[in-house]
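The next block holds one structure in the form of structure tokens; read it before the comments.
The values are calculated or read from the model by the stated rules, or taken from the named source; none is laboratory data. Remember, it's a predicted structure, so these values are computed and weren't measured experimentally. Note: ideal-geometry Cβ built from the backbone for every residue, glycine included; neighbour counts use all protein chains shown. Just the protein is used for accessible areas: all its heavy atoms, side chains included, with ligands, DNA and RNA removed. Shrake-Rupley method; radii C 1.70, N 1.55, O 1.52, S 1.80 Å.
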Amino acid sequence: QVQLVESGGGLVQAGGSLRLSCAASGSIFSINAMRWYRQAPGKQRELVATITKGGSTNYADSVKGRFTISRDNAKNTVYLQMNSLKPEDTAVYYCNADLSRRPWGSLEGYWGQGTQVTVSS
């Protein structure tokens, strides 16, 4: 069994910062790409940032220069540092990971339960 557990969400004023964490645990052999998504009320879930196992990163245009994704492979954890937050960043943030549970096993996608981020104006 595999679990992804997010933490670090909350209420912050515009211009403030938050750091989200997502720790993967359970029967894991290897984790490939890890991602952060977000979903605002009434909107589709959107990809915010991606980091590969080797550390290459990619960001949505809306967060470039403000958000930084990183990971600690030894801890099976991915982070999202969010600076200069705007009210439009308000959403539930979800982490996602592509991982294999055994050697030569296929990659499977797993999701966390989500953490609420609310930015007040």
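In Å², what does the accessible area per residue of the chain work out to with a 1.4 Å probe?
It amounts to 53 Å² per residue over the chain.
Name the residues whose placed amide hydrogens come within less than 5 Å of the amide hydrogen of F67, ignoring near sequence neighbours (fewer than 5 apart) on the same chain.
Placed amide hydrogens put N83 under 5 Å from F67.
Report, by chain and number, residues whose modeled amide H sits under 5 Å from the one on N32, excluding near sequence neighbours (fewer than 5 apart, same chain).
The answer is D98, L99, S100.
Karplus couplings for the stretch 104-121 from phi (6.51 cos²θ - 1.76 cosθ + 1.60, θ = phi - 60°), rounded to Hz, Gly and Pro as x?
With the stated coefficients, the stretch 104-121 comes to 6, x, 6, 6, 10, x, 10, 10, x, 8, x, 9, 7, 10, 10, 10, 8, 8 Hz.
How large is ³J(HN,Hα) for each residue in the stretch 37-54, as worked out from phi by the Karplus curve 6.51 cos²θ - 1.76 cosθ + 1.60 (θ = phi - 60°), to whole Hz, x for Gly and Pro?
Result, ordered by residue: 10, 9, 9, 8, x, x, 10, 6, 5, 10, 6, 9, 7, 10, 9, 7, 4, x Hz.
Explain nothing, just compute: Karplus ³J(HN,Hα) = 6.51 cos²θ - 1.76 cosθ + 1.60, θ = phi - 60°, for every residue of the stretch 68-85 in order, whole Hz, x for Gly and Pro.
Here the 3J(HN,Hα) series is 9, 9, 8, 8, 10, 5, 5, 9, 6, 10, 10, 10, 9, 8, 10, 10, 6, 5 Hz.
What percentage of the solvent-accessible surface of the chain, computed with a 1.4 Å probe over protein heavy atoms, is contributed by carbon and sulfur atoms?
Details: 2980 of 6400 Å².
So the carbon and sulfur contribution to the accessible surface is 47 percent.
What is the gain in length, in nm to one decimal, between K43 and Q116 on full extension, counting 0.36 nm per residue of separation less the C-alpha to C-alpha distance?
Here the answer is 24.8 nm.
Starting from 0.36 nm per residue, how many nanometres of slack lie between K64 and S30 once their C-alpha separation is accounted for?
Fully extending the segment from K64 to S30 adds 9.4 nm.
Would you tally the net charge around V119, using a Cβ to Cβ cut-off of less than 10 Å, leaving V119 out, and scoring K and R as +1, D and E as -1? Numbers along the way, then the final one.
On the way: positive: K86; negative: E88, D89.
Net charge in that neighbourhood comes out at -1.
Using modelled backbone amide H atoms (1.01 Å from N, in-plane), which distant-in-sequence or interchain residues come within less than 5 Å of K86's amide H?
Correct list: G15.
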